[in-house]
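The values are calculated or read from the model by the stated rules, or taken from the named source; none is laboratory data. Nothing here was measured: the structure is a model prediction, and the numbers come from that model. FYI the Cβ positions are ideal-geometry reconstructions off the backbone, even for glycines, and counts take in every protein chain you see.
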C-alpha cells in the first residue's frame, strides 16, 4: 500500500502523519518548494493562530464557505485533538482575545517543528523541490503521479493520492493554484476562485483620507459595512483595523471581506460606490457621554486652537482628517466653536466614513474562496466521488472561514480524515 500526498502545508503534513498512523505501509509527501510549511510560518503574523477554543459545534458557523460540508471532518479531528497533539509533543498553548489559540512561544516555527518531528517519527518519505505535473489515472482509479524531480520527469506509482496543494493566495509560499489544474484534468469541477480574508480598497473620494492615515492601526473600534443602495447592513464587528495607502486592512476588515464577496451583486455595488464602511472611533461611549467628554476636554483647552486640542481624544494622525471632514477652521479657538460645529465633530467620531471600492488581489488574500466542488467529494472520507483513490485536503477544497484559527483547523481536520481513510476500504 503506497500513498502519495501532493503539497507540504498543514493539510498535507497532517494527511501524511494520519495515513502512517492508520497503518499505510509507505507514504510519500511531495512539496514543490524547497521546504515544508512555508505558509504555516507566516500565519498569525508569524505567531500561528493554531485554532479556536470555541466548541467544535460552532466551527461550521464560522465557515461561510460551505461550512456544513466540514461537519464530519471537524468531529473526526477536533480543535481539542489538535491542541492535545501539540501539547503531547511538548508545545504549550495559550488563549487570546476572540478565542484564538497560539503557541505560548508566539513562534509559528515551533508548530512546524512538531509537524516535522512527527513526519520523521512515522517515517514519511519527504521529497522537496518536487513539482507534480499530472495525476495518473487508469480505469477511473489513481495509479500514481508524474513528477518533476531535480529537473527530471519521473513516475511514482501509488494506490492512493491526497491532493493538498492549497489555494491561490500567498503564491510566494507555493500556493499558486496548480492543484486546481491537476484536479481539473482528472474530471473535477473548480468553482470560481476569489480572494477571501483580503484587504479592501477605498474609492477615489476616500483615497486622500486613507493615504493620510496610512500605517495607523486602530484598536477597539466598531465597524459597519453597509449597502447604501438597498439600505442594508452587510457586516458589523468590533476590534482592530489598519489604514493603508490604498484602503483598509486588519482583522475586522478581513473578516468583513468574507461577507462582502458573497453579497448579491457586490461587483456592481463596489463599482458604483454603494458600499460604505462606517467606523465608530469611540464605541464605548454613547453620543451623549462622548459629548460630555468633548466638553470636558474643550473646557481644559478653551484658549487653544482646534488642531492642538484633540490629542487626548484621537491618535495624532487622525486629527487633521477629522478636522477636514468637520469643515471647522483648524486654527479656530476652542472657546469660539459653536454647538453645531461640536455636534458635527462628535458625529464624525461616531461615524467616520470610508467608501469601499474593491478587493485587493488574490495574491494578498489570506485564504482562497472557491476550489474543488464539494458535491464531488465524500464529506466523511474526503475521497473523490469521480476518481477512486483520489482524496482532497485543505484550502484546495471550496471551503473558507473567517479569521481566528478556523482555516488552519480545516487543514488539520480534512488532512486527518483523508489520511485516516486511505487505508480503509
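Annotations
- Any hit, the range 292-299, residues being modelled with pLDDT under 95, out of contact with any helix residue (DSSP H, G or I) (no Cβ under 8 Å at 6 or more places or on another chain) and buried (at least 20 other Cβ atoms within 10 Å of the Cβ): no
- For the range 96-124, taking the residues that are part of a strand (DSSP E or B) and touching a residue at least 60 places away in the same chain (Cβ under 8 Å), the one that is surrounded by the fewest Cβ atoms within 10 Å (Cβ to Cβ) is identified as 100.
- Scanning the range 162-178 for residues that are modelled with pLDDT under 95, farther than 20 Å from residue 392 by Cβ and out of contact with any helix residue (DSSP H, G or I) (no Cβ under 6 Å at 6 or more places or on another chain) turns up at least one hit.
- None of 267, 288, 299 is in a helix (DSSP H, G or I), without any contact (Cβ under 8 Å) to a residue 40 or more places away in the chain and closer than 18 Å to residue 235 by Cβ except 267.
- Those strands (runs of 3 or more DSSP E) of the range 142-260 in which at least 1 residues are assigned by TED's automatic domain parsing to the domain that holds residue 284, exposed (fewer than 15 other Cβ atoms within 10 Å of the Cβ) and free of Cβ contacts under 8 Å to residues at least 60 places away in the same chain, considering only elements entirely within it, cover 217-227, 232-243.
- Residue-level analysis places residue 420 outside the set of residues that are without any contact (Cβ under 8 Å) to a residue 24 or more places away in the chain and either under 27 Å from the mean Cα position of the chain (by Cα) or surrounded by 16 or more Cβ atoms within 10 Å (Cβ to Cβ) (or both).
- Among residues of the range 382-409 being part of a helix (DSSP H, G or I) and within 30 Å of residue 138 (Cα to Cα), the one that is nearest to the chain's Cα centre (by Cα) is 395.
- Matching option when the condition is crowded, with 16+ Cβ neighbours inside 10 Å and in a loop (DSSP other than H, G, I, E, B), among 91, 70, 41, 85: 91
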